[in-house]
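*Asks:* Have a look at this one before I ask anything.
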Amino acid sequence: MPVKLDTYDLSKYVIILTGSTDGIGKEMARILAGFNPKRLVLPARNKEKGNNLLEYIKSSNGHTNNIEIWEMNLADLQSVKNFANKFINEVGELHMLINNAGIWTHNQIIKTKDNLEIQFQVNHLAHFLLTLLLLDTIKKSVSAELPGKIAFTSSATQKIGEIDFDNFNLEKGSYWNIFKAYANTKLMNVIIVKELSRIVQNDNITTYSLHPGAIQTNISHLNGAFANFIIRILGKLIVVTAERGAINTLYPILSENKETGKYYNEGIEEKPNKLANDQELAKKLWNVSEQILKDHKII
């Protein structure tokens, strides 16, 4: 059953939304802007796309006074740290962190400036870093009357995901491992959300992982006829609009449901991959992710 959004008053909320220049993120930004947030900070690596987003929101909602485009590149860990430090120093208040940006490379290995596989870094590690750096700010900002929200846009593909601690950079394995790497990072989102829910359970913060529905957006770095064929076929069969995907994603976050650490499929709570319930695996993923950031001298 499709979900609906009511009208929400977000005038007391400071919000960060990543991945807002395309696809469902663009629609999420438009919808959130319409609910009059105190501040809506939209990180963007492309200034032109950021300006286009502001024009799009202005044409939809009439004003952008409470919306700010800040520079950040998830494929550069130092850029994420710079963004977080600037936010802490210049804003110092945060109630909602929506880690929405993502990338799918299908059948090729792309390395970032940090020499990490790009899906692992953009989909998981950079958002993990952003959350880690801003967590104290969120804790200080929220209360029982003004609860905090931390969300990760995951994917139904998490159901086939696995966690191979020896192959985050896809340096070993077959074409299938490369094709499935996206699903693995989306499972990481679900696992981190559940672990985070345990860490902040007494801090008035609710955590979410969310599958918006199958949407044809610019998330994909298509390479090859086969990948193009698969996406076209899947798109025709199960695609939903970017607006519907945005609503599916925002509905659990904006609702008054205080259950934390849950996974939602198109706005409806659902059981995720059984690996998400493995607390030892979750602690290991958290600790290994922290260690990678330490090795890169980011934390």
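*Asks:* Checking E93 against (1) among the acidic types (D, E); (2) farther than 18 Å from K149 by Cβ; (3) touching a helix residue (DSSP H, G or I) at 6+ places or on another chain (Cβ under 8 Å), only one condition comes out false. Which one?
*Replies:* The failed condition is (2).
*Asks:* Is it the case, given these coordinates, that N66 is in contact with a helix residue (DSSP H, G or I) (Cβ under 9 Å, 6 or more places away or on another chain) and under 30 Å from N177 (Cβ atoms)? Full working, then the answer.
*Replies:* Details: in contact with a helix residue (DSSP H, G or I) (Cβ under 9 Å, 6 or more places away or on another chain): yes; under 30 Å from N177 (Cβ atoms): no.
Spelling it out, it is not the case that N66 is in contact with a helix residue (DSSP H, G or I) (Cβ under 9 Å, 6 or more places away or on another chain) and under 30 Å from N177 (Cβ atoms).
*Asks:* Additional query: Identify, by number, the condition in (1) touching a His at 6+ places or on another chain (Cβ under 7 Å); (2) in a strand (DSSP E or B) that D114 doesn't meet.
*Replies:* (2)
*Asks:* Quick one: would you say N46 is free of Cβ contacts under 8 Å to residues at least 60 places away in the same chain, out of contact with any helix residue (DSSP H, G or I) (no Cβ under 7 Å at 6 or more places or on another chain) and either buried (at least 24 other Cβ atoms within 10 Å of the Cβ) or farther than 20 Å from N99 by Cβ (or both)? Talk me through it step by step, then tell me what you get.
*Replies:* On the way: free of Cβ contacts under 8 Å to residues at least 60 places away in the same chain: yes; out of contact with any helix residue (DSSP H, G or I) (no Cβ under 7 Å at 6 or more places or on another chain): yes; either buried (at least 24 other Cβ atoms within 10 Å of the Cβ) or farther than 20 Å from N99 by Cβ (or both): no.
So N46 fails the test.
*Asks:* Also, quick follow-up: From the list N73, N65, N82, N89, which residue is modelled with pLDDT of 95 or more, in a loop (DSSP other than H, G, I, E, B) and either more than 23 Å from I118 (Cβ to Cβ) or not acidic (D, E) (or both)? Walk me through how you get there before you give the answer.
*Replies:* On the way: N65 fails: modelled with pLDDT of 95 or more; N82 fails: in a loop (DSSP other than H, G, I, E, B); N89 fails: in a loop (DSSP other than H, G, I, E, B).
Within the list N73, N65, N82, N89, the selection yields N73.
*Asks:* Assuming I31 fulfils every condition listed in (1) buried (at least 18 other Cβ atoms within 10 Å of the Cβ); (2) over 17 Å from the mean Cα position of the chain (by Cα); (3) more than 23 Å from A126 (Cβ to Cβ) apart from one, which condition is it?
*Replies:* Here I31 clears every test but (2).
*Asks:* For the stretch 45-62, check the following and say yes or no: at least one residue is under 28 Å from I299 (Cβ atoms), assigned to a strand (DSSP E or B) and either modelled with pLDDT under 95 or not hydrophobic (A, V, I, L, M, F, W, C) (or both). Show your work before the answer.
*Replies:* Looking only at the stretch 45-62, we keep the residues that are under 28 Å from I299 (Cβ atoms), and these are 45-47, 50.
Checking which are assigned to a strand (DSSP E or B) leaves us with none.
No.
*Asks:* Residues that are in contact with a Phe, Trp or Tyr (Cβ under 7 Å, 6 or more places away or on another chain) and over 24 Å from Y208 (Cα atoms): does the stretch 94-109 have at least one? So that I can check it myself, show each step before the final result.
*Replies:* In the first step, residues of the stretch 94-109 are kept if they are in contact with a Phe, Trp or Tyr (Cβ under 7 Å, 6 or more places away or on another chain); the result is 95-96, 99, 104, 106-107.
With the extra rule that they be over 24 Å from Y208 (Cα atoms), the set shrinks to 106-107.
Scanning the stretch 94-109 turns up at least one residue that is in contact with a Phe, Trp or Tyr (Cβ under 7 Å, 6 or more places away or on another chain) and over 24 Å from Y208 (Cα atoms).
*Asks:* Shifting gears a bit: Could you tell me how many of the residues in the stretch 249-299 are acidic (D, E), part of a loop (DSSP other than H, G, I, E, B) and at pLDDT 95 or above? Quick ask: steps written out before the conclusion?
*Replies:* Looking only at the stretch 249-299, we keep the residues that are acidic (D, E), and these are 256, 259, 266, 269-270, 278, 280, 290, 295.
From what is left, the residues that are part of a loop (DSSP other than H, G, I, E, B) are 256, 259, 266, 278.
Still in the list and also at pLDDT 95 or above: 278.
Number satisfying all stated conditions: 1.
The rows are residues; the columns are (1) in contact with a strand residue (DSSP E or B) (Cβ under 6 Å, 6 or more places away or on another chain); (2) among the polar types (S, T, N, Q).
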{"site": "N89", "(1), (2)": "no, yes"}
{"site": "M96", "(1), (2)": "yes, no"}
{"site": "Q108", "(1), (2)": "no, yes"}
{"site": "N115", "(1), (2)": "no, yes"}
{"site": "N123", "(1), (2)": "no, yes"}
{"site": "A126", "(1), (2)": "no, no"}
{"site": "L132", "(1), (2)": "no, no"}
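*Asks:* Please pick out the residue among A214, A246 that is in a loop (DSSP other than H, G, I, E, B), of a type in the set (G, A, S), at pLDDT 50 or above and surrounded by 15 or more Cβ atoms within 10 Å (Cβ to Cβ). Before you say what the answer is, go through the steps one by one.
*Replies:* Values: A246 fails: in a loop (DSSP other than H, G, I, E, B).
The conditions single out A214.
*Asks:* Looking at D76, D22, which one is buried (at least 16 other Cβ atoms within 10 Å of the Cβ) and within 18 Å of G245 (Cβ to Cβ)?
*Replies:* None of the others qualify; the one that does is D22.
The values are calculated or read from the model by the stated rules, or taken from the named source; none is laboratory data. Bear in mind that the values here come from a model prediction, so they are computed numbers and not experimental data. In this analysis, Cβ positions are derived from the backbone assuming ideal geometry, glycine residues included, and neighbour counts consider all displayed protein chains.
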